[in-house]
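The values are calculated or read from the model by the stated rules, or taken from the named source; none is laboratory data. If you're wondering where the values come from, they're calculated on a predicted model, not measured in any experiment. Virtual Cβ from ideal backbone geometry, glycine too; neighbours counted across all protein chains shown. With ligands, DNA and RNA removed, areas are computed over all heavy atoms of the protein, side chains included. Shrake-Rupley method; radii C 1.70, N 1.55, O 1.52, S 1.80 Å.
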Amino acid sequence: PSGAGGLGGDALAMASVGAHMLPVVTGAYARDTAEIFDHFPFDEEAVAEQTRAILEDVEVQLIKVGFVSTPEIDSYFDAFRELLLPQATLLVGNHSTLWRWLLPDWSGDRPPSARDIAKAAGEFGVPYTLVTGIMLPDQHIDNVLASPQSVLASEKYERLEAVFSGAGDTLSAALAALLASGTDLVAATGEALSYMDRCLDAGFRPGMGHVIPDRLFWAQDEDEELDDDIPEIGDAADFGLPPHDTRH
């Protein structure tokens, strides 16, 4: 309900880069812009029926999977690792989260690199991993696309002094949409990261909590002054609306 992430955020990001989203609801959050209070998962039949209905009707180019379970995190990670990773083409996640999940026993003198994490994901069948939020000493953040064999792309951005909610959702949704449209993986990664950076730069705080990315930053008029050609509000005929008793 906050609009920070989930299907609401995905819809804006995917539409912004030209894809049509076909949402399958797996659960609902009770949350505001600062924190999550509860989560209500849908039962398996409800999820399966939604999915079956749309797959029998529309040719789907790509499936993006977000949070699809209950809040019992330990069992969730086990299920995700065993059931979803072997079917995934691309895993997108924050460096610290992927480190804790895929390399819990890491004992190196340095934090695992993006390629170390990609190797760990590769053991479960994932060919590509995008590791985000790698902290650098110069107030920048690195985002690295890697396979178990090599680093494919790296994009650094200046760290913004704000607490955001929905940054990762924005990136993964835009990237999924670009891949679904046929964009090459490396090019899509660069475009999605640039889009996320612009969304964060234009972020806003609608409530008392965190800053939310503005996924429609590109639709804002850079000139704050109104265009003289815009018709005056009040004459409904200017908008070409059909006759209706409840016209506003």
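Once R0 is set to 45 Å, what does the formula 1/(1 + (r/R0)^6) return for the Cβ-Cβ distance between L22 and V163, expressed as a FRET efficiency to the nearest 0.05? My answer for the efficiency is 0.90. For the chain, modelled as a Gaussian network with Cα springs under 10 Å, which listed residue fluctuates most, L216, L145, L193? The residue with the greatest mean-square fluctuation here is L216. Selection among L160, G66, Q139 by position relative to the dipole of the range 37-193 gives Q139 as farthest towards the positive end (Cβ unit charges, Cα centre). With both labels modelled 7 Å from their Cα along Cα-to-Cβ, the S154 to F67 distance reads 3.2 nm. Counting only DSSP beta bridges whose two residues both lie in the chain, roughly 75 percent are antiparallel.
Here's how it looks for H39: its modeled amide H is under 5 Å from those of A30, which are all 5 or more places away or on a different chain. In the context of the full protein assembly, F217 retains an accessible surface of approximately 40 Å², using a probe radius of 1.4 Å and ignoring ligands and nucleic acids.
How far apart, in nm, are two points set 7 Å out from the Cα along the Cα-to-Cβ line at F204 and at L55? Roughly 3.8 nm, to one decimal. Normalised by residue count, the range 29-129 yields a Cα convex hull volume of 145 Å³ per residue. The range 82-141 and the range 1-15 have Cα centres separated by 24 Å.
Please work out whether the range 92-183 counts as rounded, prolate or oblate from its C-alpha gyration tensor, where a ≥ b ≥ c are the square roots of the eigenvalues and a/c under 1.5 means rounded, while otherwise a/b larger than b/c means prolate and anything else oblate? Since a/c reaches 1.5 but b/c is at least a/b, the shape of the range 92-183 is classed as oblate. Around the Cα centre of the chain, unit charges on the Cβ atoms of Lys, Arg, Asp and Glu (plus for the first two, minus for the last two) sum to a dipole of about 1260 debye. Ordered by solvent-accessible area of protein heavy atoms (1.4 Å probe), largest first, the residues I63, I212, I36, I141 come out as I63, I36, I141, I212. Taking each residue as 0.36 nm, the span from Q87 to D105 lengthens on full extension beyond its C-alpha to C-alpha distance by 4.0 nm. Within the listed set M14, M208, M135, the residue fluctuating most in the Gaussian network model of the chain (springs between alpha-carbon atoms under 10 angstrom) is M208. Remark on H210: its backbone amide H falls under 5 Å from those of A34, a criterion applied only to residues 5 or more positions apart or on other chains, H modelled at 1.01 Å from N.
Peptides 54-61, 28-35, 40-47 ordered by packing proxy, namely the average of other Cβ atoms within 10 Å per residue, highest first: 28-35, 40-47, 54-61. Residue separation of A34 and Q220 scaled by 0.36 nm, minus their Cα-Cα distance, works out to 64.4 nm of gained length.
Largest accessible area first, the listed residues R100, R110 line up as R100, R110 when surface is computed with a 1.4 Å probe on the assembled protein chains. What the chain shows is 62 Å² of accessible area per residue, with the surface traced by a 1.4 Å probe over protein heavy atoms.
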